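Undergrad: One structure, as structure tokens, below. Some questions next.
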Amino acid sequence: MSDELVQSLLAAVDAAPDDVPLRLHLAALLASRGDFPDAIRHAASVLQTDPANADALVLIATSSNRHSGAANESLLPEQESTTNSETDLLAQMAVDLEGVLPPTFIDGDDQLHEIVEVEPAHIRFTDVGGMKEVKERLEAAFLAPLRNPELVKLYGKSLRGGLLLYGPPGCGKTFIARAVAGEMGARFIAVSLAEILDSFVGANERNIHEIFEVARRSAPCVLFLDEVDALGQKRSNLRCSILRGTTTQLLAEMDGVDNANDGVYVLGATNHPWDIDVALRRPGRFDRTLLVLPPDADARKVILRYHLQERPVANIDLGKLAKDTEGYSGADLAYICETAAERALLDSARSGTVRLIEMNDLQAAVRDVRPSTGLWFDIARNVTQFSNSDGTYDDLLAYLRTKGLA
């Protein structure tokens, strides 16, 4: 094997020190040419990145044995008995591994806190523009009992269970959940599908349990579960046992045996409440629902002002824009501001003269951007007509009727 090849591999490893396959390849080549100490050193470096790498562990063991054997063969007869001991072998390995940091591990508590982030809640209802009805419903159904523990005790009101926010996408359900935590003075944990789903059998259930454990240790805490319809799908529709186990584990954690969930207030958000397992909707779990609709005129003005405040604008009539964007979600409004800014930027680039974002840019953006809520309301209309025998979606039906959609 040429020295040039080894030098090339050494240079490549120096350029990409975390490339595990490349470093293992170099270590194997070094071992094949008898450079056992260097082979061991590179294999040990692999363990820093991948502590359980089987190839690296085998390479260290075999290289250590071969290095020891080669050393023994070159010794004089009178030296063999003193160097062929286990102590000398360990001492030689210590020399070979000198300067290589051992792999580090995290304990269980550290791992729990890596799964989700516990945040202090700074947003209050005053930071949420408009949505007067949503705030009133939250106050009556959720916040008032929490603020009056004496009355809760007097009337025997239970604070167990969760609140499910549902409605079209992009309408501020996460923002509302943060505001609830702020009103309570509680910590906030936001959990999405990415923090839970795993490719290993049983990992989804473990992740859900660990997330709830973090919330329990952080109480008082608002635990916000986004995309509940994906986490708690109807088990009758699931053929995959792994996903069925995820729903079952979520049910068990929300039950909070022995009042383990005291001080943990669970809020869920979904665009498709009709896809959630019926067991999650029973009392003690997500037994209360709140419809979060596209922002009203006051909320639209606040959202537009927020997304324009850091941009160079002139002569903007927020009232007219709010009137022209009936039915648009908060995400749609943010995209309108982005589109208007892009229009002004391109115009400035073509003309060579920088100009401000004007009303005509925003009006053109409103014409180009269509509301993203239309498809959701089409599905919702069918649900209210054919799957509302228990009155679950009466508030949604009332809204559709006021808009002439039902």
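The values are calculated or read from the model by the stated rules, or taken from the named source; none is laboratory data. Please read all numbers here as calculations on a predicted model, not as lab measurements. Virtual Cβ from ideal backbone geometry, glycine too; neighbours counted across all protein chains shown. These area figures cover heavy atoms from the full protein model, side chains too; ligands, DNA and RNA do not enter into them. Shrake-Rupley method; radii C 1.70, N 1.55, O 1.52, S 1.80 Å.
Undergrad: Amide H to amide H, which residues 5 or more places from VAL313 or on other chains are under 5 Å from it, using H placed in the peptide plane?
TA: Placed amide hydrogens put ILE357 under 5 Å from VAL313.
Undergrad: Taking all protein chains together and a probe of 1.4 Å, list TYR265, TYR306 from the most accessible to the least accessible.
TA: These residues rank, largest area first, as TYR306, TYR265.
Undergrad: To continue, here is another question. Cross-link list LYS135/LYS234; LYS173/LYS323; LYS323/LYS403: which exceed 20 angstrom alpha carbon to alpha carbon?
TA: LYS135/LYS234; LYS173/LYS323
Undergrad: If amide H atoms are built 1.01 Å from N in the plane of the peptide, which residues on other chains or at least 5 residues away come under 5 Å of the amide H of ASP287?
TA: So ASP287 has HN proximity to GLY162.
Undergrad: Cα atoms only: what Rg and Dmax, in Å, come out for region 14-60?
TA: In order Rg, Dmax, the Cα atoms of region 14-60 give 9.4, 26 Å.
Undergrad: Per residue, how much accessible surface does region 120-188 expose to a 1.4 Å probe? Answer in Å², no decimals. Don't skip to the end; give the middle numbers.
TA: Numbers: 3550 Å² over 69 residues.
Accessible surface, normalised per residue, equals 51 Å².
Undergrad: Please list the non-local residues whose amide H lies under 5 Å from the amide H of VAL292, H modeled 1.01 Å from N, same-chain partners needing a gap of 5 or more.
TA: TYR166, GLY167
Undergrad: While we're here: Using each residue's phi in region 271-283, evaluate 6.51 cos²θ - 1.76 cosθ + 1.60 at θ = phi - 60° and report the 3J(HN,Hα) Karplus result to the nearest Hz, with x for Gly and Pro.
TA: 8, 9, x, 6, 9, 7, 4, 4, 5, 6, 9, 6, x
Undergrad: Each residue of region 284-295 in turn: what ³J(HN,Hα) in whole Hz from Karplus with 6.51, -1.76, 1.60 and θ = phi - 60°, glycine and Pro shown as x?
TA: x, 10, 8, 8, 10, 10, 9, 7, 10, 9, x, x
Undergrad: Something else: Please state the relative contact order of region 130-236 as a whole percent: Cα pairs under 8 Å, 6+ residues apart?
TA: Worked out over region 130-236, it gives 24 percent.
Undergrad: Which log10 I(q)/I(0) values, to two decimals, does region 322-404 give at q = 0.14, 0.17, 0.19, 0.24 Å⁻¹ under the Debye formula with one point per Cα?
TA: Rounded to two decimals, the profile gives -0.61, -0.74, -0.84, -1.08.
Undergrad: Right, something else. Where the accessible area of region 154-307 is counted over protein heavy atoms with a 1.4 Å probe, how much of it, in %, is carbon and sulfur? Please report the intermediate quantities before stating the final value.
TA: On the way: 3370 of 6490 Å².
That fraction is 52 percent.
Undergrad: Determine the dipole magnitude for region 306-406: charges of +1 sit on the beta-carbon of Lys and Arg, -1 on that of Asp and Glu, nothing else is charged, the reference point is the Cα centre, and the result goes in debye to the nearest 20.
TA: 260 debye
Undergrad: Based on Cα coordinates alone, diagonalise the gyration tensor for region 169-210, multiply each eigenvalue by 5, take square roots, and list the semi-axes in whole Å, largest first.
TA: Value: 27, 14, 5 Å, ordered largest first.
Undergrad: To check my understanding: the extent here is largest minus smallest coordinate of the Cα atoms along each principal axis. What are those three numbers for region 138-181, in Å, largest first?
TA: 40, 16, 13
Undergrad: Report the trypsin sites (Lys or Arg not before Pro) located in region 260-300 that are in a DSSP loop and have at most 11 other Cβ atoms inside 10 Å of their Cβ, or state none.
TA: Values: sites: ARG281, ARG285, ARG288, ARG300; in loops: ARG285.
In loop regions of region 260-300 (DSSP not H, G, I, E or B), there are no sparsely surrounded trypsin sites (Lys or Arg not before Pro).
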